[in-house]
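The values are calculated or read from the model by the stated rules, or taken from the named source; none is laboratory data. It should be emphasised that the depicted structure is a prediction, and the values quoted were computed from it without experimental measurement. Neighbour counts are summed over all protein chains in view; Cβ atoms, including those assigned to glycine, are modelled from backbone coordinates with ideal geometry. Accessible surface is based on the protein model in full, side chains and every heavy atom, while ligands, DNA and RNA are left aside. Shrake-Rupley method; radii C 1.70, N 1.55, O 1.52, S 1.80 Å.
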Amino acid sequence: MKPILEVENLKTYFFTKEGVVKAVDDISFHINPGEIVGLVGESGSGKTITGFSILGLIDSPGKIVSGNIKFKDLDLQKISAKQMQDIRGNRIAMIFQDPMMTLNPVLRIETQMIETIKAHNKTISQQDAYNTCRDALGLVGISSPDERMKAYPHQFSGGMRQRVSIAIALLNKPDLIIADEPTTALDVTIQGQVIFEMQKLCKESGTALLWVTHDLAVVAGITDRISVMYAGRIIEQGTTDKIINQPLHPYTQGLIKSVPSKNKKGEKLHQIDGMVPSMFSLPKGCAFEERCYLRSEQCKQEQPLETQYADGRFLRCLNIGKQT
Ligand SMILES: Nc1ncnc2c1ncn2[C@@H]1O[C@H](COP(=O)(O)OP(=O)(O)OP(=O)(O)O)[C@@H](O)[C@H]1O
Ligand SMILES: [Mg+2]
C-alpha cells in the first residue's frame, strides 16, 4: 500500500539567542490510508513541532533544516503557499493542542464551521452546510447543537472548545488528520465517543490519523502502529502489539510500566528516574543514557545504533541493537 504521508529524515531546529534547539532531529515515519499511528513521548520531545512541520507552520526562529515530507505525490516543502492553504483544513486537518488555534474568538461557531466547508466546496447550499455542521457537533457529543451553533467560543468550556475543533477537523473528511492531544481535556465518556467517531471516519473514508499524545494508555487501544519520541528523535517504532507487549527500548519499557493498571489497587506507579536533558545542551551520546538501566560507557560517547527489523520495528539503541 502506498503511504499517504511519508516523512523522511526531518530536522526542524529553532535558532534562539540561547542556542540551537533541535526540536525534531532526523525522524522518519509513514502513515498508510486508513491507518492510525500514535506519536508518543514526554513533554518537550518534539511531537507538536513534528505536526507543525508537516503543515508548514514553523515560523522564525524555527526552520526545517532538512528532510522530505511527502503527502500523496506532493512534496509539501515545494508547493506554493496557496496550494498549502488549499490542502490545510481540506485534505490535511490539524486538531491543535490548543483549540483556540482553530477557533476565531470573534466569530460564532456556526460562521466558522460553515466557512470551513464552503472554503473547499463552493457549490454546497447554506442549508446543507448548516446541517452538516450541526450533525458534526452532535457526533462529538455537544447537546442542543442548533443552539450551540449560535454561540461564540468563549461561551464554551475548554473541553467543549476542544470538541468543536475536532468536529471542524472531521467536516471535510480529510485524507489525513494530525490530532495533537485531541482528547486530553475531555472526560472519559466523551473521550470514548470522540475516539469512536474518529475511528469510524478512518475505517469508512480511509482517513489516516496521526494521534499525538504523551498518554500511551490512550493510543494503545486505538492505533495500528506507534512511534515513540524522546528529545527530538524517534527511539522506537513498530506495530502497537509489538510496542505494547514486547517493547525493546528501555524508555518505551518505562513508559509502559508507568501506565496505571486498572486491576492492581494500591499498586505503586513506576516512574522513569531522572529528567529529560535540556534541549539546549544534549549530550554527545544517547540522550536517554543517564536514565537508562542498560547504559554503558559507549552510550555516553556515541550516538545510538539505528536498527530496522524485518517486521517493521525500528530501534535506536546501542546495546539492544548489538544483541539482536
Ligand atoms: N518557538 C520556539 N522557540 C524555541 N524553541 C521551541 C519553540 N517551539 C518549540 N520549541 C522547543 O521545541 C521542543 C519540542 O517542542 P514540542 O512543542 O514539539 O513538544 P511536545 O512534545 O509537543 O510537548 P508537549 O507534550 O508538552 O506538548 C521543546 O524543547 C520546545 O521548547
Ligand atoms: Mg505538544
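The residue list LEU216, MET229, THR183 was ranked by how far each Cα lies along the charge dipole of the range 178-255 toward its positive end, using unit charges on Cβ atoms, and MET229 comes out on top. By the rule of a C-alpha distance below 29 Å, with chain neighbours fewer than 8 residues away ignored, the lysines paired with LYS2 are LYS11, LYS47, LYS63, LYS70, LYS72, LYS78, LYS82, LYS173, LYS200, LYS203, LYS242. Ligands, DNA and RNA are left out, and with a 1.4 angstrom probe the accessible area of the range 178-324 is 52 Å² per residue. Once you reduce the range 95-142 and the range 242-259 to the center of their Cα atoms, the two points are 39 Å from each other. All C-alpha pair distances within the chain, sorted into 20 Å bins from zero, spread as 30, 56, 13, 0 percent across the bins.
Suppose every Lys and Arg Cβ carries +1 and every Asp and Glu Cβ carries -1, with no other charges. What dipole size does the range 40-181 come out with about its Cα centre, to the nearest 20 debye? Don't jump to the answer; show the numbers that get you there.
Details: 17 positive and 15 negative charges, 53 e Å.
So the dipole magnitude of the range 40-181 works out to roughly 260 debye.
Computed over protein heavy atoms with a 1.4 Å probe, the carbon and sulfur contribution to the accessible area of the range 77-150 reaches 51%. Counting only Cβ charges, +1 for Lys and Arg and -1 for Asp and Glu, the dipole size of the range 1-47 around its Cα centre is about 120 debye.
May I ask you to list, by number, the DSSP H helices of the chain whose Cα span along the axis is at least 24 Å and whose average Kyte-Doolittle hydropathy reaches -0.5 or more?
Values: long enough: 188-205 (25 Å, 0.07).
Helix filter hits for the chain: 188-205.
With an 8 Å cut-off on Cα pairs and a minimum separation of 6 or more residues, tell me the relative contact order of the chain in percent. Provide the component values of the computation, followed by the final result.
Values: 597 pairs, mean separation 65.0, N = 324.
For the chain, the relative contact order is 20 percent.
Projecting each Cα onto the charge dipole of the range 48-150 (Lys/Arg +1, Asp/Glu -1 at the beta carbon, about the Cα centre), which of PRO105, GLN83, ILE95 comes out farthest on the positive side? Among PRO105, GLN83, ILE95, the one farthest towards the positive end of the dipole of the range 48-150 is GLN83. Report the FRET efficiency, 1/(1 + (r/R0)^6), for LYS122 and GLU42, where r is their Cβ-Cβ distance and R0 is 56 Å, rounded to 0.05. The pair LYS122/GLU42 has a calculated efficiency of 0.80. Among the trypsin sites (Lys or Arg not before Pro) in the range 149-255, those placed in a DSSP loop whose Cβ has at most 15 other Cβ atoms within 10 Å are LYS150.
Simple point charges give the picture: +1 on the Cβ of Lys and Arg, -1 on the Cβ of Asp and Glu, and for the chain a dipole about the Cα centre of about 60 debye.
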